[in-house]
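Notes follow the structure.
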Amino acid sequence: MILKRTLSGLAALAAILTAAPAAAQETPVAIGISGWTGFAPLTLAREAGLFKKLGLDVSIKKIPQKDRHLAIASGDIQCAATTVETWVVWNANGVATTQIFQLDKSYGADGMVVKPGITKIAELKGKTMAADAPGTAGYFGLAWILKKNGMSVKDVKVVNMGPQPAANAMIAGTDGIDGAMTYEPYLSAVRAKPEAGKIIATTLDYPMVMDTFGCTPKFLKENPKAAKALADGYFAALDMIKADPKKSFEIMGADVKQSGEAFEKSQAYLRWQDRAANQKFFAGEHGQFSKEAADLLLEIGIIKQIPDLKALADTSFIK
C-alpha cells in the first residue's frame, strides 16, 4: 500500500514537473490601452486565447492616453497602443519606445463636435473647446484641424477633458463648452443626439488618426519571439473577426460595455490594418506623417526637439 502511494505520488510529481516548462514558456507582457474601438482586436486576441496559443501571458490595462507613457517609464507595462504622433512625443520626452505594427486607421471614428449654432470651423475663434490633455490624440487632432483652417490652439480656449467626458459634456449641453474632440464609441453617442451638437469634422475630412502598437526597446531586445507573437496574435484576431464577426463583436463590445450590435456600428468608422496593409503603411506613409506631425508638435510646444524619426519603428515583426 505504501509502495502504491509512493508510486502514485511520484507520478503526480512527474506530471507537475512535465507541465511546468510549458507554463514557464509563456512570456508575460502588460499592455496599456484605452477603450478606443480601434484597439479592440487586442482584447479579442487575449479573450479568445489567441495570444495564449502563441506563448504569451498578456494582461491588458486601461490607462488614459495622457498617463500611458508614465506606466511605460515606471515598468508597469512593457507595451502600449496609441496614435502615431504620440510615439513622437514620448520619445522626444525621454520615454524610449518602438512601434512594431499598425492597428487601425480612423475613417470618421474621431471627430470635432460643436454646438448647433456653429456652422464652420472659422467660427471657433475665441470659443471654448473640450479636448484631452496636451500630448494626446484629442489635443493633437484639435491642433491639426485648426492649423488646416489657418488657426492654432491659441485661437481657442482649451478645457482638458478625456474623450468620454468631452462627449458627455456636449450631450448634456454643458454651459461654456462650445465644442469637443472625441472618438468612437463615444462619438456615436453624440451622433444619436443631434439636438445637443453636430459633428463638424471627422477623420474623413482630416485623416490624421492612425494607431500603432509598440514596446520598449528593452522588451523587444529581450523578447523578440514574444514581439512577433504580439503582431501575429493581432493579425489572428482580424482573421477571427472576418470568420466569426458576431462572436467577435460581442467579445469586443463587452469590454467597452456595448452590445455586439452597437460595437459593430462603431467599428464601421475605422479600418483595422492587416499584415499587407501594415507593410504598405510602414514603407512610406508612416514616415511622411511622422515628419508632418513632429513639425506641428514642435510648433505648438508639445515637444522641444524632434527625435530621430527613423528609429521610431521596427518593421521586422510584421514580415
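No lab work stands behind these numbers, since they all come straight from the coordinates. All figures in this text were calculated on a predicted structure; none of them were measured in a lab. Note: ideal-geometry Cβ built from the backbone for every residue, glycine included; neighbour counts use all protein chains shown.
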Candidate span helices, the chain: DSSP H, at least 27 Å along axis from Cα coords, Kyte-Doolittle average at least 0.0, result 2-24, 224-243
For the range 268-319, one quarter of the surface area of the C-alpha convex hull, expressed in nm², comes to 4.7
To make sure I understand, if each residue's beta carbon is the centre and we count other beta carbons within 10 Å, what order do T128, T98 fall in, fewest to most?
T128, T98
Taking the Cβ-Cβ separation of K319 and N93 as r and a Förster radius of 30 Å, what is the calculated FRET efficiency to the nearest 0.05?
0.50
Rg and Dmax of the range 43-125, Cα atoms only, in Å:
17.5, 54
Can you order the peptides 246-255, 224-233, 31-40 by their average number of other Cβ atoms within 10 Å per residue, highest first?
31-40, 224-233, 246-255
Any chance you could list P(r) for the range 110-202, counting all Cα-Cα pairs in 10 angstrom bins from zero, rounded to whole %?
19, 59, 21, 0
Under the rule of -39500 (n - 2.57) per DSSP H run of 4 or more residues, summed and divided by the residues of the chain, what mean residue ellipticity at 222 nm is obtained, to the nearest 500 deg cm²/dmol?
-13500 deg cm²/dmol
Which residues among the range 196-227 fall inside the zone where the amide N is under 19 Å from a point 7 Å beyond the Cα of A262, along Cα→Cβ?
196-197
What does a probe at A277 reach in the range 177-205, counting residues whose amide N is under 17 Å from the point 7 Å along Cα→Cβ?
184-185, 203-205
Provide, for q = 0.21, 0.25, 0.31, 0.32 Å⁻¹, the log10 of I(q)/I(0) from a solvent-free Debye sum over equal Cα point scatterers in the range 125-171.
-0.66, -0.90, -1.17, -1.20
